[in-house]
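I have placed the structure first, in the form of structure tokens, so that the comments after it can refer back to it.
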Amino acid sequence: QSQLNPDGENRISSISFYRAKAEQGDYEAQEFLAKKYIQENDTENIYKYFCMLIKSGKCAIPLEYAVNLYHRNYFRQSFKFFTLISEVNHPIAQYFIGTMKYNGFGCTQDKEESFRILKNLADNGIDQASEFLKYHYDKQ
């Protein structure tokens with residue numbers, strides 16, 4: 001899309017500009033577009049820009065979104081995003097995956113995999129994982 005500026009000259013629309021910047025790896029453009037598509041509930045573009053953000057190591061917006069989905073009981077969708085975020089070894093995403101696998105929320109229940117994930121987190125100083133293991137497993 002192009003628009004006319006006050007001088008009557010064509011210019012690239014702001015969304016096209018942000019898309020181009022995002023494709024070039026600009027974190028702020030990726031963040032802007034992710035937030036825009038969250039507001040519009042555009043799941044295809046949310047996924048696209050979350051992947052870009054996560055690849056850049058910027059997980060705050062995708063993590064907040066996944067946690068919000070989880071708290072609204074949209075477990076399959078939240079599990080999908082936690083799985084993406086966990087690919088960069090994000091401990092909060094891994095914790096959610098571990099607890100979701102324990103309960104079978106949004107995924108197949110797998111208490112052995114849950115234990116493995118949470119034990120690894122506990123061994124690396126994540127207190128919430130230690131607490132979960134203490135209250136849900138006889139072993140540790």
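The values are calculated or read from the model by the stated rules, or taken from the named source; none is laboratory data. Small disclaimer: the values here were computed from a predicted structure and weren't measured. Note that we place each Cβ from the backbone using ideal geometry, even for glycine, and neighbour counts take in every protein chain shown. We work out accessible area using only protein heavy atoms, side chains counted, and drop any ligands, DNA or RNA first. Shrake-Rupley method; radii C 1.70, N 1.55, O 1.52, S 1.80 Å.
In the range 105-140, which residues are under 23 Å from F81 (Cβ atoms) and of a type in the set (S, T, Y)? Once the filter is applied, which keeps residues that are under 23 Å from F81 (Cβ atoms) and of a type in the set (S, T, Y), the range 105-140 yields T108, S114. On the stretch given as the range 88-111, residues that are open to solvent by less than 20 Å² (accessible area, probe 1.4 Å) and polar (S, T, N, Q) total 1.
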